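Novice: Here you go, one structure.
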Amino acid sequence: MIQSLRGMNDMFAPDAERFEYFIETATTIAKRYGFTYFEAPLLEETALFKRSVGESSDIVGKEMYQFIDKGENDVCLRPEGTAGVVRAFIQKKLDKQGGIHRFFYHGPMFRYERPQKGRLREFHQFGIESFGVASVVEDVSLIMMLVDILDALGIGYKLEINSLGDQNCMPEYRTKLVSFLDCHDDKICADCQRRKATNPIRVLDCKNGDCQLIYAEAPKLMQNLCEGCESDFTLLKELLDESQIAYEVNTHLVRGLDYYSKTAFEFVSDEIGSQSAIAGGGRYDRLVEFLDGKETPAVGFAIGIERLLELIKMPEPKRNGYYIGTMDEEGLPLIMKAAQAKRKSDKVIVEYKSKNFKNHLKGADKVNARYCAIIGENERNDGTIWVKDLEVKTEETIPLNSF
Ligand code: HAM
């Protein structure tokens, strides 16, 4: 028997219902913030991710679903959404046009990781990307949106924030950090030794406890920010305080993708095990330029939908729509026609099998229909249909043509 690939899940109800409910909720809220829907290809040139997410990242270094297609192109399944949106933004010349452009998207992402609870090889993100606003006010709006989405779904969270500096302060900090690492070279793990050469700040979120003991003493980027980054970060904290959004500053929050500068944030949950990040994002003011576009400030985030599923509190299911049945074969064409008309406005479940009255009522209850409509011999002869409102418990027989 052929099985699904490791780390790639099928999704049936109730998970699929939660998934759908999540998309509806997040979409409604994103539109309230003025974001419009965007859809990008799943397959892109590998170079796009190498240049944006970064060759030193685990995503590009180890986790890409990469292959040569029949036209000899080096392509890969997207491991994340931001790079594709930025590519499209530049391709459509929106960078040259200027102004503010705000997009939301959702869909599958692919990373060849070691599967475990909350870590899949195919997973789904709901993402937001905003172009054209340099002020951290937009970062705060995005965080507010994420809070609105999580609140609407009844999900608790902890917000961690950090500043990753910019081209003014980051290089100097990196030099300081590398000098510190040089002094501890014999004690840090092999991964960190590799990171020191490729992207030193990634050492700060190393999962090795011994490394973390050493990095507690490492120079902090927070104390090495330039004036601009520092005042931006202060304003970010003030605006969050003002909006009563609780946060913690985590100076070791560096994110696993190389394109960030200034604001970085993550939402974590303590209810889902070790893969606790439910959403992450930040500012990436240099990326548009880096992918050959015109310099454009940008900020975004993505939510990992699978990690949220078990946390979503669904609204109480309400009786909804019609259940239509017949008591004999002759009534079948009539109920099909009635259903066709009713489906213009309502959900309709048709029971094809002839049944007695009591069994139809049971059937309507089982599918949680609001109305049970039945055609028996009398109704057929009179051109009527019997309808019961299963919530209010009223019933009536009405002409079929006004049903
Ligand atoms: P990311 O932190 O790599 O950011 O992913 C965002 C979220 O996707 C994570 O917080 C997590 O919930 C979920 N996720 C990541 N990997 C997996 C996995 N293997 N299995 C299940 N869920 C996973 C980004 O992807 C950036 N593009 C976010 C962003 C948008 N930054 C700016 N704009």
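Just so it is clear, none of the values below were taken in a lab; they were calculated from the coordinates. What you see is a predicted model, and the numbers here were worked out from it, not measured in a lab. Note that we place each Cβ from the backbone using ideal geometry, even for glycine, and neighbour counts take in every protein chain shown.
Novice: Within the set 50/96; 92/347; 158/294; 31/93; 344/366, which residue pairs have Cα atoms separated by over 32 Å? Walk me through the intermediate numbers first.
Specialist: Working: 50/96 24 Å; 92/347 40 Å; 158/294 35 Å; 31/93 23 Å; 344/366 23 Å.
The answer is 92/347; 158/294.
Novice: DSSP loop (so not H, G, I, E, B), at most 12 other Cβ within 10 Å: list which chymotrypsin sites (Phe, Trp or Tyr not before Pro) in segment 8-87 pass both filters. Don't skip to the end; give the middle numbers.
Specialist: Working: sites: 12, 19, 21, 22, 33, 35, 37, 38, 49, 65, 67; in loops: 12, 33, 35, 38, 65.
Filter output for segment 8-87: 12.
Novice: Can you give the alpha-carbon Rg of segment 134-283 over 2.2 N^0.38 Å, where N counts its residues?
Specialist: Cα Rg divided by the expected 2.2 N^0.38 Å: 1.09.
Novice: For 133, 249, 392, 53, what's the fewest-to-most ordering of other Cβ within 10 Å of each Cβ?
Specialist: On the way: 133 19, 249 12, 392 8, 53 25.
The fewest-first ordering by Cβ neighbours comes to 392, 249, 133, 53.
Novice: Using square roots of five times the C-alpha gyration tensor eigenvalues, list the equivalent-ellipsoid semi-axes of the chain in whole Å, biggest first. Write out the running numbers ahead of the final one.
Specialist: On the way: eigenvalues 565, 99, 90 Å².
Each semi-axis is the square root of five times an eigenvalue, giving 53, 22, 21 Å.
Novice: Right, something else. Sticking with the crude label model, points 7 Å out along Cα→Cβ, report the distance from residue 144 to residue 168 in nm, one decimal please.
Specialist: That separation, rounded to one decimal, is 2.6 nm.
Novice: Which value does Rg/Rh take for segment 166-243 over its C-alpha atoms, Rh per Kirkwood? Working shown, then result.
Specialist: Values: Rg = 14.5 Å, Rh = 13.7 Å.
That ratio equals 1.06.
Novice: Rounded, prolate or oblate: which one fits segment 278-403, using the alpha carbon gyration tensor with axes a ≥ b ≥ c (rounded when a/c is under 1.5, else prolate when a/b beats b/c, else oblate)?
Specialist: Details: a/c = 4.35, a/b = 2.96, b/c = 1.47.
Taking the square roots of the gyration eigenvalues as a ≥ b ≥ c, segment 278-403 is prolate.
Novice: For the chain, what is the calculated [θ] at 222 nm in deg cm²/dmol (nearest 500), taking -39500 (n - 2.57) for each run of four or more DSSP H residues and dividing by its residue count?
Specialist: Numbers: 15 runs with 140 residues, N = 403.
Taking each H run of at least 4 residues, the total per residue is -10000 deg cm²/dmol.
Novice: What does DSSP give for segment 227-372 in terms of the percent of beta bridges that are antiparallel, rounded to the nearest 5?
Specialist: Working: 11 of 16 bridges.
DSSP beta bridges in segment 227-372 are roughly 70 percent antiparallel.
Novice: Just to confirm the filter: which trypsin sites (Lys or Arg not before Pro) across segment 132-209 are DSSP coil and have at most 15 other Cβ within 10 angstrom of their Cβ? Intermediate values should be presented prior to the final figure.
Specialist: Details: sites: 158, 174, 176, 187, 194, 195, 196, 202, 207; in loops: 187, 207.
Filter output for segment 132-209: 187, 207.
Novice: Report the relative contact order of segment 322-399, percent, no decimals, based on alpha-carbon pairs under 8 angstrom and at least 6 residues apart. Intermediate values should be presented prior to the final figure.
Specialist: Working: 131 pairs, mean separation 25.5, N = 78.
Dividing the mean separation by the residue count of segment 322-399 yields 33 percent.
Novice: Next question. What is the angle, in °, between the Cα long axis of helix 332-342 and the longest principal axis of the Cα atoms in the chain? Nearest 10 is fine, range 0 to 90.
Specialist: It is inclined by approximately 50 degrees.
Novice: If you count the DSSP beta bridges with both ends in segment 322-399, what percent of them are antiparallel, to the nearest 5? It would help to have the intermediate numbers written out before the result.
Specialist: Working: 10 of 18 bridges.
Antiparallel bridges make up about 55 percent of those DSSP assigns within segment 322-399.
Novice: Taking the Cα centre of the chain as origin, sum charge times position over the Cβ atoms of Lys and Arg (+1) and Asp and Glu (-1), and report the length of that vector in debye to the nearest 20.
Specialist: Details: 53 positive and 64 negative charges, 171 e Å.
In total the dipole reaches around 820 debye.
Novice: Another question about this same structure. Provide 77, 332 in ascending order of the number of other Cβ atoms located within 10 Å of each residue's Cβ, fewest first.
Specialist: Ordered from fewest to most neighbouring Cβ atoms within 10 Å, 77, 332 come out as 332, 77.
Novice: Nearest 5 percent is fine: what portion of the DSSP beta bridges confined to the chain is antiparallel?
Specialist: Working: 51 of 63 bridges.
If I count the DSSP bridges inside the chain, around 80 percent turn out antiparallel.
Novice: Now for a separate question. If we restrict to alpha carbons, what Rg and Dmax does segment 1-147 come to, in Å?
Specialist: Looking at segment 1-147, its Cα Rg and Dmax stand at 16.9, 55 Å.
Novice: Can you tell me the FRET efficiency between residue 193 and residue 276 if r is taken as the Cβ-Cβ distance and R0 is 25 Å, rounded to the nearest 0.05?
Specialist: Working: r = 27 Å, r/R0 = 1.07.
Here the calculated transfer efficiency is 0.40.
Novice: Taking 0.36 nm per residue of separation and subtracting the Cα-Cα distance, what length does fully extending residue 231 through residue 47 add?
Specialist: On the way: separation 184, 0.36 × 184 = 66.24 nm, distance 3.50 nm.
Difference between extended and current length: 62.7 nm.
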